[in-house]
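Inspection log for the structure reproduced underneath, given as structure tokens.
The values are calculated or read from the model by the stated rules, or taken from the named source; none is laboratory data. Just so it is clear, the model here is predicted, and its values are computed rather than measured. Here Cβ is always computed from backbone atoms with ideal geometry, including for glycine, and neighbour counts include all displayed protein chains. Ligands, DNA and RNA are excluded from the accessible area calculation, which covers all protein heavy atoms including side chains. Shrake-Rupley method; radii C 1.70, N 1.55, O 1.52, S 1.80 Å.
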Amino acid sequence: MRVSLSCKKIFLILIFSIFSLLTFASTRTVKVGWYIQDKYQNVSDSGVPYGYIYDFLQKISNYNDWNYTFIYDSFTNCVEMLEKGEIDILGCIVKTEEREEKFNFPQIPLGITYRYLYTKKDSPLTPENYKNEEDLQIAVIENSYNITAYENYISGENLDYNFIECENTEIMDKMLFDNYVDAAISGALPKISDMKLLAEFSPQPFYLAVSKSKNDILQELEYALTSLNYTNPEFITNLNIKYGLNTNISQTEIS
């Protein structure tokens, strides 16, 4: 049976249209909330994001063909935008029951982080005496899990302390060096040459949280993390080494 030229053209147009739709569907621009968290989420002087989470996002884009738009703001504002669906994902998030009611979490975390209580190198505070300090002023990122983690860590002890909530770790460290606070809590170990470590506590897995309204993004994220976990199980360990973070946890161990 002979097929007319016009039928061939219609067939080719249909094939091209289907191919174009599939190609477009496989590429997605994901809006990422980006707050400053030393070593994990930073922004260069020229406005370019970098850090542990940035490297992770670039890696998983090899599996799901994501492009990214970064929305710079405070942690509190990023959390609010994620809840409203104004951004799609947010990194460096510890899973809690309260947060699971507001956001979706993939099965596989991005790593495990400790909480570090630290002070200036020349501070009179030490790991042995800081709990005896009266009215200890501690800088933390506002509304972060670090607050709950420290409260759990010293639960049952009658300590005298007060949290000073800050937008990011840069402000925390500035307040510490300007003597507005006595110590600070971060999920990243500070430079030992500048700081003194007082306590290490509360190891927790952390995740990329996804807006409740973006189930398709959650599915694509699950696929990418599972694929990465299978094809490159040492990826997290290598990232920890690169950024001077906890190097004892491999992706295989936490999956």
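So here's what we get for this one:
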read-out	value
Of the criteria (1) at negative phi; (2) touching a residue at least 40 places away in the same chain (Cβ under 8 Å); (3) open to solvent by 20 Å² or more (accessible area, probe 1.4 Å), which one residue 219 fails	(2)
Some residue of the range 201-209 being open to solvent by 50 Å² or more (accessible area, probe 1.4 Å), aromatic (Phe, Trp, Tyr) and modelled with pLDDT under 95	no
Candidates 96, 113, 69, 76, filtered to the one that is within 16 Å of the chain's Cα centre (by Cα), hydroxyl-bearing (Ser, Thr, Tyr) and modelled with pLDDT of 95 or more	69
Failed item, numbered, when residue 188 is tested on (1) open to solvent by 30 Å² or more (accessible area, probe 1.4 Å); (2) under 30 Å from residue 30 (Cβ atoms)	(1)
Residues of the range 96-134 satisfying the condition of being exposed (fewer than 13 other Cβ atoms within 10 Å of the Cβ) and of a type in the set (Asp, Glu)	97, 98, 100, 101, 122, 128, 134
Single residue of 50, 63, 40, 54 found to be within 10 Å of the chain's Cα centre (by Cα), open to solvent by 20 Å² or more (accessible area, probe 1.4 Å) and over 21 Å from residue 212 (Cα atoms)	54
Long-range neighbours under 6 Å by Cβ, at least six apart or interchain, first residue under 18 Å from residue 29 (Cβ atoms) and outside any helix (DSSP H, G or I) within the range 55-82, second of a type in the set (Phe, Trp, Tyr) and open to solvent by less than 60 Å² (accessible area, probe 1.4 Å)	70/34; 72/34
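For every residue, the table says whether it meets (1) hydroxyl-bearing (Ser, Thr, Tyr); (2) touching a helix residue (DSSP H, G or I) at 6+ places or on another chain (Cβ under 7 Å); (3) open to solvent by less than 70 Å² (accessible area, probe 1.4 Å).
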| site | (1), (2), (3) |
| --- | --- |
| 137 | no, no, yes |
| 143 | no, yes, no |
| 155 | yes, no, no |
| 158 | no, no, no |
| 175 | no, no, yes |
| 180 | yes, no, no |
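For every residue, the table says whether it meets (1) within 14 Å of residue 197 (Cβ to Cβ); (2) touching a residue at least 24 places away in the same chain (Cβ under 8 Å); (3) aromatic (Phe, Trp, Tyr).
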| residue | (1), (2), (3) |
| --- | --- |
| 106 | no, yes, no |
| 116 | yes, yes, yes |
| 119 | yes, yes, no |
| 132 | no, no, no |
